[in-house]
1. If packing is taken as the average count of other Cβ atoms within 10 Å, what order do 22-35, 159-172 fall into, highest mean first?
2. Could I have the simple spin-label model distance between residue 43 and residue 84, label points 7 Å from Cα toward Cβ, reported in nm to one decimal?
3. On a 0 to 90 degree scale, rounded to 10, what angle separates helix 2-34 from the longest Cα axis of the chain?
4. Can you pull the one-decimal nm distance between simple spin-label points at residue 54 and residue 26, each 7 Å off the Cα toward Cβ?
5. For the chain, set up a Gaussian network in which alpha carbons nearer than 10 Å are linked by springs, and say which option among 126, 77, 144 fluctuates the most.
6. Using 1/(1 + (r/R0)^6) with R0 = 25 angstrom and r between the beta carbons of residue 70 and residue 163, what's the FRET efficiency to the nearest 0.05?
7. Place a label point 7 angstrom from the Cα of residue 62 along the Cα-to-Cβ direction, then list the residues of the stretch 69-105 whose backbone nitrogen is under 17 Å away.
8. So how tilted is helix 84-111 from the main axis of the chain? Cα-based, degrees 0 to 90, rounded to 10.
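Please treat every number below as a calculation from the coordinates, not as lab data. Quick caveat: nothing in here was measured; it's all calculated off a predicted structure. We place every Cβ from the backbone using ideal geometry, glycine too, and count neighbours over all the protein chains shown.
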């Protein structure tokens, strides 16, 4: 019975963690785009985005990442084994934590007013979390390595479509 309570809490914090990861990169994009505005609009917007980033990052995203790990490790312990699909899932989760730490680096740079990435680069970066989400959910639901291979093939196709959509969107925005 406790396994299901831990599982429910794990899912809740996975959802809030992903929400934070998706939104923080949107705030990075808005911060980068604000740098193209004239003063005082630029400073006003960037100061507001810094506040929003800080509240989101430390109030939701980091706590959710930590609680996801705690409840995930608890679930693994209660599960009583490590099947192949779970090894693959844990590999993607490690990749997701790497992504999280890289986002933390961007967060710290923007808090200091440093811009190393364009809004277009950040839009592409925003899709990385989506790729992790798709990979992890397919593995958890299907629990099958062969299905994971098909999922990765689909993921690659999905990524190509996303990149094409980002380029089309950029051209449409530049025309307007």
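1. Values: 22-35: 19.4, 159-172: 11.9.
Sorting 22-35, 159-172 by mean packing, highest first, produces 22-35, 159-172.
2. The answer from the label model is 6.1 nm.
3. Here the helix axis deviates by roughly 20 degrees.
4. Output for this residue pair reads 2.2 nm.
5. Between 126, 77, 144, it is 77 that shows the largest mean-square fluctuation.
6. Result of the calculation: an efficiency of 0.10.
7. 69-70, 97-105
8. Helix 84-111 sits roughly 20 degrees off the main axis of the chain.
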